[in-house]
Every structure is written in C-alpha cells, then in structure tokens.
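Just below is one structure, and these are the notes that go with it.
Readers should treat all values here as calculations from the given coordinates under stated rules, not as data from a laboratory. Here the structure is a predicted model, which means the values were calculated and not measured. A quick note on method: Cβ atoms are made from the backbone with ideal geometry, for glycine too, and the neighbour counts reach across all protein chains shown.
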Amino acid sequence: MNKRMTCIRHHGIMNEGIPLRYENAPVITKEDYENRIEKLLSAASQYSHLLIYADKEHFSNLEYITGYDPRYEECMMLLKKGALPRLIVGNEGMGQSQCITIAHDKVLFQSLSPMGQGRGKSQKLTEILEDYGMEASAHVGVLGWKAFSEDESDDPKHMFEVPAYIVKALRHNGCDLENANGLMMDNDCGLRIVSDTKTLILSEIASTKASRKTWNFVSGLKEGMTEIEASQMFAIDGEPCPTYPNICFYGKGILSPDYHRILKLGEPIAFGMGYRYAQIHRVGLYVRDFGDLDMKYRDHMETLFATYFEAVAVWFESLGIGVTGGEVWSRVKEVIGSYETFGIALNPGHFIHTEEWLNSPFVENGTAVLKSGMLIQCDFTARPASCMGLGVHLEDGLILADQVQQEEIRRLAPDSYERMKNRQKFMREVLGINLRDEVLPTSDICGMMHPFFADLDYLVVRAQGE
C-alpha cells in the first residue's frame, strides 16, 4: 500500500449540546431586497433594462431580489432605473407572489401557467415588454441561471438558456440583448458570490440542520433496510430542499430511493441532503472494517481513503481570504497527483447559495480571489479506476469571514458563532486540519470522514507530524 489511514475512536458529532433555535434566524427585509436591486442596477449600468427569468428549479436570481420563487409555474421580473420593478406571472403567481414586500407592478401573462389552465385574458408578451420600454432602443440584459464562455461559443454573450419564446419576443421588439447572468453569478464580481452577514447566518442554520439530519440518517442504518425505509430517517421538514435527498445502496447513482434495493454489509453507499445555502453528502462503505470488503478491494480502498482525506485536509487548509481558486486546485493536485487518475471528474469544491451549485473558482489556473462573505462547499468525489467503481466523497459547507464580519455574526447570532468556532477548534485539535481564522465551518460533521459506516466510532484523522 502507498499510504495507510490513521483512525481514532470517537463517538458523536460536533455541537451536540447546542440546540438549534430557529427564532434566532435573521429576516431578509424589504430594505434588504431594495438594496440588492439597487446594487444590481448599478452593476448593470451598460443595460437599459434587465429581464430575470425563473421557474421551480432556476429561481435563485429572482428570489435574491424579491424573496419569491415560483414553485408552481414560470415567472419574469423586469427592471430598469427610475421605474417600479414589474413582475410577470401566470394564473397562480398572481396570488402566490403576495409574499413580495418590495413595491412592484404585477402583470398577468397566462402562458407562464401550466397547460390546461385558462388562457386568453392577458396581453401578448411582446406587448407587455414594449409597455416597459423594451423596444428598438433597448439594450436588455437577460438573466436565467447560466452564463457561457468562449470555450463553448464564439459569441457567449448572445447565447441564451431561457425559453426561446422570450428571446423571440425581445428580438421581435427590436431589442439588443445579452446574457447577463454574470451580474449575479460571476466568480469575481457576481452579486450572489459574496453574501451579507444575514445570509451567512442562514447558511450556518441550514447546514447545522442538514448535517444533524444526515447524521441521524447514517446512525440509524440497519442491514436489510430498503432505500425508501432508510429515507424516512432524514425526517425532512417543510423547508425547501434545492436537491432531493440522495439515498443509494449501490446500483443506480442518484436515481433513488428505490422501493426494493436493500442495504447489505460490504457494499458502497451514498447519502445526503440539503437546504437552501447548505448541502451535506457522503459516499463510502457500509462495512465494519475493510475486512468486510471483497479481497480485491481492500488494499486499494485504504490507500484511496488515506489519500483522499489528506487531499480534503489540504483543501481546507488552503482556503483563505486573498487566495485564488487556482491555488487551492493546485494544492489538491499536489496530493492526488492527477485529477483524472484519482477519479475526480468535477471541481474540488464550489460556491453555494439558494441553489446547490452557484459557480466554482476551483479550476486549473483560476484567478478568482476568495473574499470575506463567501459560502463555499468542500465537494469532490474520487473514484479511481483502480478501485473498480468504488469511491469516497465528503461534502460540507463553510463560510469565509474576516474579523469585522465575524463580529457581526457574533452580535446577530451568538449561537451560530459559537457552533462555528467549536467546529473550527475540533477540526484543528482532533482532525489535525489547521484552518485559518477566517474559515468557519457550518456543518456539525464538517471534515469528519467515517471510513466504516457500519461502525461510526471510527474517525479518520491526520497522522501526527503531517
């Protein structure tokens, strides 16, 4: 074996004695949303108008400036300086959008409604847009959920992911239009890349809840359970989940939970869940020790787990205000040798917001600089070819916060601040991961790698001297 794992016996998770008090959660106010719109319009000075599209899955840009996500249909928001925001909704949206606190106009466009509902009482989209000044003289920035690069297109500014009928209506009116998603989502300057203190606290609360539910899930696993039976241990409440809970007892990836597939000793498992601003996930082995594995896997898996944990530790230690994403990417590569050979297909981590994946600065030669206020996920699965399909994955969240922002967190949400400082201390003193002061973990299982999910009292740690 190239590398051996170091484990300790440890029972439980972090912060078990600190209750989660939802009454301490901050409220995003009307003034907060108005301030966000003002910042967006200021950043969008090259455009005369903005059009923001949203639907059930791609809601985050709209929710950021209004607090509304159209769970039942599609929606659009029109913005321009000196005018009220104009919300375009379908039939159900007329009532569902009453949660919006900012001043705005509301226009019915029934084509946004599901098929079979009433139509014919609203204006054509071209007329609605023209009434807001979106005509031949307009330069419109269009926001949906994805920007594009020159690697994908010779003309990425004019590549659109929103429905074609919207683009067609704007062009029919003679508008000049561009993809403007970078205003919200660009790694360097996107407004949602750096969060205010209230959002950081909401992330800590969401991640605390998700990590504790994930721990309850894995703690309750029993051989012979079906995936659907096990899924009930997440005890999910009514708060929206950006991704549905993943329970996979080997065989179908994330197409789960299955009604019939059962948990067996010696097999790999994947599980996790998230709320807005938080995602927790694990991939590993339902074994009591490596002896429960088929002989052909044993040596490979110990080497994989040991190397992977060192890569995770280095990833956490590399994070800091002023560090570039490319530097973090390179530090991980120094540990694993090759992303491709080590079986890491995606980035080693990413930004998170109300959606599970906002963007990622962690790319080769990436120049995006990490800043205070960022919500970051440790998230990279390794499945080397040498392990014949078996893999390992640890996903947890953290925030970057300078001393000024940490003091704001401590003042507004002392419970959240205490939990994050406890996690920071645990990761340093128990796991051997030397976090910088500005790195505040938000998950109660952050960095905790359990190699044997059938015996959770084993915990991987850094060997002394590493």
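Numbers for the structure displayed
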| item | result |
| --- | --- |
| Relative pair counts by distance (%), Cα atoms of region 45-179, 10 Å bins | 12, 44, 36, 8, 0 |
| q = 0.16, 0.22 Å⁻¹, region 1-97: log10 I(q)/I(0) [Debye, one scatterer per Cα] | -0.76, -1.18 |
| Region 141-253 pair-distance distribution - Cα-Cα, 10 Å bins, rounded % | 11, 26, 21, 24, 15, 3, 0 |
| Distance between region 186-261 and region 69-110 - C-alpha centres, whole angstrom | 30 |
| Crossing angle, helix 295-318 versus the chain [Cα axis fit, 0-90 degrees, rounded to tens] | 60 |
| Residue order, fewest to most beta carbons within 10 Å, for VAL328, VAL314 | VAL314, VAL328 |
| Dipole magnitude of region 45-179, debye to nearest 20 (Cβ charges: Lys/Arg +1, Asp/Glu -1, about Cα centre) | 600 |
| Expected-Rg normalisation [2.2 N^0.38 Å, Cα atoms] applied to the chain | 1.04 |
| Principal semi-axes in Å for region 186-243 [√(5λ), Cα gyration tensor, largest first] | 32, 12, 10 |
| LEU143 long-range amide H proximity, modeled H, under 5 Å | LEU51, ILE52, TYR53, ALA180 |
| Within straight-line cross-link reach of LYS425, lysines at Cα separation under 27 Å, skipping those fewer than 8 residues along the same chain | LYS3, LYS198, LYS209, LYS213, LYS333, LYS371 |
| Projected label distance in nm at THR126 and VAL369, using a 7 Å step from Cα toward the beta-carbon | 4.8 |
| Ascending count of other beta-carbon atoms within 10 Å, so fewest first, for MET76, MET295, MET233 | MET295, MET233, MET76 |
| Partners for LYS121 among lysines (Cα-Cα distance below 23 Å; same-chain residues under 8 apart left out) | LYS106, LYS168 |
| Under the Karplus curve 6.51 cos²θ - 1.76 cosθ + 1.60, θ = phi - 60°, whole-Hz ³J(HN,Hα) for region 196-213, x wherever Gly or Pro sits | 6, 5, 4, 5, 4, 5, 4, 5, 4, 5, 5, 6, 4, 4, 5, 5, 5, 5 |
| Helix-only [θ]222 nm of the chain, DSSP H runs n ≥ 4, -39500 (n - 2.57) each, per residue, nearest 500 | -8500 deg cm²/dmol |
| Percentage of interatomic Cα-Cα distances in region 298-355 larger than 14 Å | 59 |
| Value of relative contact order over the chain, rounded to a whole percent, pairs C-alpha under 8 Å and six or more apart | 16 |
| Gain in span if fully extended, LYS157 to ILE28, counting 0.36 nm per residue against the direct Cα distance | 43.2 nm |
| Ranked list, fewest to most other Cβ atoms within 10 Å of each Cβ, for CYS189, CYS446, CYS175 | CYS189, CYS175, CYS446 |
| Within straight-line cross-link reach of LYS39, lysines at Cα separation under 16 Å, skipping those fewer than 8 residues along the same chain | LYS30, LYS80, LYS81 |
